[in-house]
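Structure first, commentary second.
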Amino acid sequence: MTSPGPLAPRLPSPLQEVRDSRFERRGLRLLLKRDDLLHPHLVGNKWRKLVPNIAAAGGRPLVTFGGAYSNHLRATAAAGRLLGLPTTGVVRGQELAGRPLNPSLARCAADGMRLHFVDRSTYRRKTEPEILAEVLRAAGAEGAYVVPEGGSNAEAVRGCRALGAELRGRAEVVAVACGTGGTLAGLAAGLAAGERALGIPVLKGGFLEADIQGLQERAFGARTGHWSLDDRFHCGGYARTTPELEAFARDFEQRHGLAVERLYVAKLLYGLAALAGEGAFARGSAIAAVVTGRPFPEPAAAAPER
């Protein structure tokens, strides 16, 4: 998949080995697939999922969905600015309409995205055809191309297959944090036989396996690749954290000089360290963790531990 002009990516994204005693003592190598370096504005899996949808849109305006801190909304707004495409973001939470914009939504607005707030009960039903049509009418986006929440649809899943292809032969296990599941669905399809993909959900609820299988069926016609989920590391749900997770993330930053995004990447790395400690991976294995995003707003770079 190529994308000339302002969406041109750095492909393949770098694969960086880090020395971490929590893995080495178990005979494991930890690799970081630095998809956060793919594009300065469409970071990581957002580039991989949005670019195929932009191509499918054929120059039409884009409308998409997300919460008040959605990485996907920011990426869509940035793509619209770079390409000169109008964008509309349907935001969960009617109560936010009368409040000052938080930094994430302010970035969307600065990039030209028109924000339309809906109540939470309507938002939950946004995939129902009649509700969707009503939301699009109210948002003034009836002729726009609809990108689903998180960007996950068949186009996005096929786009993420290249991520797995870039990692063939490099690791026995490739792990990624999961929100809507589109990245894992495509990644698993791109890996070689004998390699497996592991998803760490950042939401609780246990619904994701069926969603991922459905995405693969729509993209490829059947469940594809060797993949599984471990839903023990969501730390209470989306955007929720615990003191243990925060301490882990700060420690990882100090050890490796990498600013760790908290909503997805921290939970991924925390889960992998816990699994390594449990002996879940065979000695001698290489474990690749897909770094799908950067912190927002971005902090100063952490200094490596001396």
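The values are calculated or read from the model by the stated rules, or taken from the named source; none is laboratory data. Just so we're clear, the structure is a prediction, and the values are computed from it rather than from any experiment. Glycine also receives a Cβ, built like all others from the backbone with ideal geometry; neighbour counts cover every protein chain displayed. What goes into the accessible areas is simple: the full protein's heavy atoms, side chains included, and nothing from ligands, DNA or RNA. Shrake-Rupley method; radii C 1.70, N 1.55, O 1.52, S 1.80 Å.
Before moving on, here are some points about what is shown:
- Selection from the stretch 257-274 of residues that are of a type outside the set (A, V, I, L, M), more than 10 Å from Ile200 (Cα to Cα) and either touching a Cys at 6+ places or on another chain (Cβ under 6 Å) or open to solvent by less than 20 Å² (accessible area, probe 1.4 Å) (or both): Glu261
- Of everything in the stretch 125-150 that is small (Gly, Ala, Ser), in a helix (DSSP H, G or I) and at pLDDT 95 or above, the residue that is most open to solvent (accessible area, probe 1.4 Å) is Ala138.
- Helices (runs of 4 or more DSSP H) completely within the stretch 1-112 that count 1 or more residues being under 28 Å from Gly140 (Cβ atoms) and open to solvent by 40 Å² or more (accessible area, probe 1.4 Å): 45-57, 71-83, 103-110
- Residue that is most open to solvent (accessible area, probe 1.4 Å) [pool: residues in the stretch 187-226 that are farther than 18 Å from Lys49 by Cα and of a type in the set (Asp, Glu)]: Glu209
- Some residue of the stretch 216-237 being of a type in the set (A, V, I, L, M), touching a strand residue (DSSP E or B) at 6+ places or on another chain (Cβ under 7 Å) and either under 17 Å from Val290 (Cβ atoms) or part of a helix (DSSP H, G or I) (or both): yes
- Tally, over the stretch 222-257, of residues that are in contact (Cβ under 8 Å) with a residue 12 or more places away in the chain and closer than 21 Å to Leu31 by Cβ: 15
One line per residue, one yes/no per condition, for (1) under 20 Å from the mean Cα position of the chain (by Cα); (2) under 21 Å from Gly112 (Cβ atoms):
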{"residue": "Val18", "(1), (2)": "no, no"}
{"residue": "Asp35", "(1), (2)": "yes, no"}
{"residue": "Thr87", "(1), (2)": "yes, yes"}
{"residue": "Ala97", "(1), (2)": "no, yes"}
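- Every condition in (1) open to solvent by 60 Å² or more (accessible area, probe 1.4 Å); (2) touching a Lys or Arg at 6+ places or on another chain (Cβ under 9 Å) holds for Ala249 except the one numbered (1).
- Ala249 being in a loop (DSSP other than H, G, I, E, B) and among the hydrophobic types (A, V, I, L, M, F, W, C): no
- With respect to the conditions (1) farther than 23 Å from Asp36 by Cα; (2) free of Cβ contacts under 8 Å to residues at least 40 places away in the same chain, Ala219 falls short on a single one, namely (2).
- The set of residues in the stretch 151-176 being touching a Pro at 6+ places or on another chain (Cβ under 8 Å) and open to solvent by 10 Å² or more (accessible area, probe 1.4 Å) consists of Glu155, Arg158, Glu166.
Condition check ((1) touching a Pro at 6+ places or on another chain (Cβ under 9 Å); (2) more than 21 Å from Gly186 (Cα to Cα)) across all residues:
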{"residue": "Gln16", "(1), (2)": "no, yes"}
{"residue": "Ser21", "(1), (2)": "no, yes"}
{"residue": "His39", "(1), (2)": "yes, no"}
{"residue": "Gly44", "(1), (2)": "no, no"}
{"residue": "Ile54", "(1), (2)": "no, no"}
{"residue": "Gly59", "(1), (2)": "no, yes"}
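- Residue that is of a type in the set (Val, Ile, Thr) and farther than 21 Å from Thr292 by Cα, where the choices are Val51, Val43, Val18, Val63: Val63
- Only listed residue being under 26 Å from His41 (Cα atoms), aliphatic (A, V, I, L, M) and out of contact with any Gly (no Cβ under 6 Å at 6 or more places or on another chain), chosen from Ala138, Ala133, Ala154: Ala154
- Looking only at the stretch 273-306, residues that are at pLDDT 95 or above, closer than 15 Å to Gln16 by Cβ and not small (Gly, Ala, Ser) come to 4 in all.
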